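Only one structure is covered here, and it is reproduced in the block below.
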Amino acid sequence: MNNQQFIFPLSGNARARQVAQYLGVHISTVWRYAHRPDFPQPQTLTDGVTVFDAAEVREWNAQRLAHQPGDADKKGVRLAKIRAEKRLERERLTGGDHA
């Protein structure tokens with residue numbers, strides 16, 4: 001078992017396995033991402049050696065995370081949904097009267 005701490009490079013090249021570990025995904029997901037137009041494109045250095053620009057991967061990940069709702073947002077959405085369901089249930093029981 002390898003107990004070394006993983007550090008993703010700030011710049012330079014990163015192999016697909018490093019990118020996968022940094023993003024918390026399987027290596028096959030990295031190759032799927034590579035087909036997306038918004039994901040950094042890999043560069044082939046030699047046969048069997050393909051790398052990604054680490055800074056571009058970091059930027060892509062930052063943008064991806066910025067567009068995901070945080071836990072507070074998710075809780076807010078759930079709370080709003082619960083309140084709406086309770087309001088609809090009250091209206092159903094009271095015939096629409098707001099007592």
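Overview of values
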quantity: Residues being of a type in the set (A, V, I, L, M) and not in a helix (DSSP H, G or I) - total across segment 7-36; calculated: 5
quantity: Some residue of segment 43-56 being at pLDDT below 75 and out of contact with any helix residue (DSSP H, G or I) (no Cβ under 7 Å at 6 or more places or on another chain); calculated: no
quantity: Residue tally, condition without any contact (Cβ under 8 Å) to a residue 40 or more places away in the chain and surrounded by 14 or more Cβ atoms within 10 Å (Cβ to Cβ), over segment 49-66; calculated: 6
quantity: Whichever residue in segment 17-48 is among the small types (Gly, Ala, Ser) and over 18 Å from Ala62 (Cα atoms) and, among such residues, is surrounded by the most Cβ atoms within 10 Å (Cβ to Cβ); calculated: Ser28
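The values are calculated or read from the model by the stated rules, or taken from the named source; none is laboratory data. The structure presented is a predicted model; accordingly, all values stated were derived computationally and were not measured. We place every Cβ from the backbone using ideal geometry, glycine too, and count neighbours over all the protein chains shown.
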